[in-house]
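Input: a single structure, listed below in structure tokens.
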Amino acid sequence: MIFDVTKLPFFSHIKYLESKKKCKVYFVGGIVRDFLLNRTIKDIDIVVFNISYIEFATGLARLLSKNIIAFKDNIRIVIGEITIDISKPKGSNIYRDLGCRDFTINSLALTTDGKLIGNIEDINKKLIRINYDNTFLDDPLRILRAFRFAAEINFNIDNNTFKKIKELKHLLLDIASERIYNELYKTFTAKYFNLIIDIFIDSEVFISLLKVDNVNKKNINNTEKRLLYNLFKVSDLQYYKKNDKFILIIITLIIPFIYVQNFNINHLKKFIIVKKIYTLIKKTINTFKKLDKNLKKCDLYFIIYNNYSVINYVVTILNVSRETFNGDYNILYKRVRDAIKSIDINRASLINGNDLKLLGIKESKVFGKLLNEVKYKLAFGMIESKKAAIEYIKKRAKNETFTF
């Protein structure tokens, strides 16, 4: 079958250079898959024969008036939102090259004349299948790519491929953090992630990345599923910024581990490489760890006030899930839920820094503590009005020691 490839981005430049250099160019992998699925082309993967890939890439960059970015076995040219990768062939011919690729849906090539090379059966079946037995042994990151492709193009993962994922998931612990982060980020923020929640959790890849042992995986898995499904139910995540969506999903996946004794929050560093995101997630989890069932009511309320948005989000997900937790977790959840119901966070805005300045209170550490204390008491109804808040401030301003 011959396809019309003339409308591929920068086709004329690539075809011209192929003819001029008397070499053979093949579009390979993702670009072929996306072309066959009528998806927008943003990544152009090319292998060339009868010429050095470096020479071809340099010539193409010159034609496009762009610079090159050199990697170990490929050269990249970035033009706006489109990335062109010219790679060193993985074999002596195109057939051997395709045989080394990760999944059958990527083991495809198109010539500049529109000839298709490879079997499109799994494309038609919408199935992600490993291309050869050692696919994951050669590069364990492909385990996460399987989920990423499923989430991006709404394909199923072949049963044998899924079995190998479960068997070899521990190999991900030897992969560089940034590579894991990039794949997880793309997976969790992909259009169809909500459709692959079951298989992602059943694979226990996330548990493996967290290095959590000796847990009831069945219970953990079921809880994660319910919480994630309800996250998508109560939040239209398609309209969230990608960072926010990623953070919400990570926190939701971690909720069942908060009170697992051997859960170490620092293991997040293995795959959360963006400091701002890591800090926010760690703060959230540590906040919940502080919410012990024996915590005094005033301390519980103060923690909730200072972390209201995060705690309210988690309680909302748990509440919608109608999840029943055992022992301490269940007692604690009910306490936090009831405390959340009694807070009116908007009441905290009845007072601000200018009100304190009008009373002659100078900015200092005491100033900040006093303002936060009053806002907290307003939010929980301990102070009922702005007038009462002003009177409270006058009395408290005389004492520089504050207890909450």
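What to note about this one:
- Loop chymotrypsin sites (Phe, Trp or Tyr not before Pro), the stretch 167-219 (other Cβ atoms within 10 Å of the site Cβ: 16 or fewer; DSSP): Tyr192
- Of all lysines in the structure, the ones whose alpha carbon falls short of 19 Å from that of Lys282, not counting any fewer than 8 places away in one chain, are Lys211, Lys242, Lys245, Lys269, Lys270, Lys290.
- Nonpolar atom fraction for the chain, defined as the carbon and sulfur part of the 1.4 Å probe accessible area, stands at 48 percent.
- Selection of trypsin sites (Lys or Arg not before Pro), the stretch 176-211, meeting DSSP coil and at most 14 other Cβ within 10 Å: Lys191, Lys211
- Taken along the Cα-to-beta-carbon direction at a fixed 7 Å, the label points for Ser12 and Arg39 span 2.8 nm.
- By the helix-only formula, in which each DSSP H run with n ≥ 4 contributes -39500 (n - 2.57) and the sum is divided by residues, the chain has a 222 nm mean residue ellipticity of -15500 deg cm²/dmol.
- Taken per residue, the accessible surface of the chain reaches 51 Å², heavy atoms only and a 1.4 Å probe.
- 18 Å Cα-Cα threshold exceeded, pairs from Lys24/Lys115; Lys241/Lys375; Lys289/Lys334; Lys166/Lys217: Lys241/Lys375
- Computed about the Cα centre, the dipole magnitude for the chain is approximately 1380 debye when only Lys and Arg (+1) and Asp and Glu (-1) carry charge, each at its Cβ.
- Sparse-neighbour loop sites [chymotrypsin sites (Phe, Trp or Tyr not before Pro); the stretch 132-161; at most 14 other C-beta within 10 Å; DSSP]: Tyr132
- Rg over Rh for the stretch 1-133 works out to 0.94, both radii taken from alpha-carbon positions and Rh defined as the Kirkwood radius.
- Cα centroids of the stretch 17-62 and the stretch 263-321: 48 Å apart.
The values are calculated or read from the model by the stated rules, or taken from the named source; none is laboratory data. These numbers were taken from a predicted model, which means no experiment stands behind them. Every residue, glycine among them, receives a Cβ derived from its backbone with ideal geometry; neighbour counts consider all protein chains shown. Please note that ligands, DNA and RNA were not included when accessible areas were found on the heavy atoms of the full protein model with its side chains. Shrake-Rupley method; radii C 1.70, N 1.55, O 1.52, S 1.80 Å.
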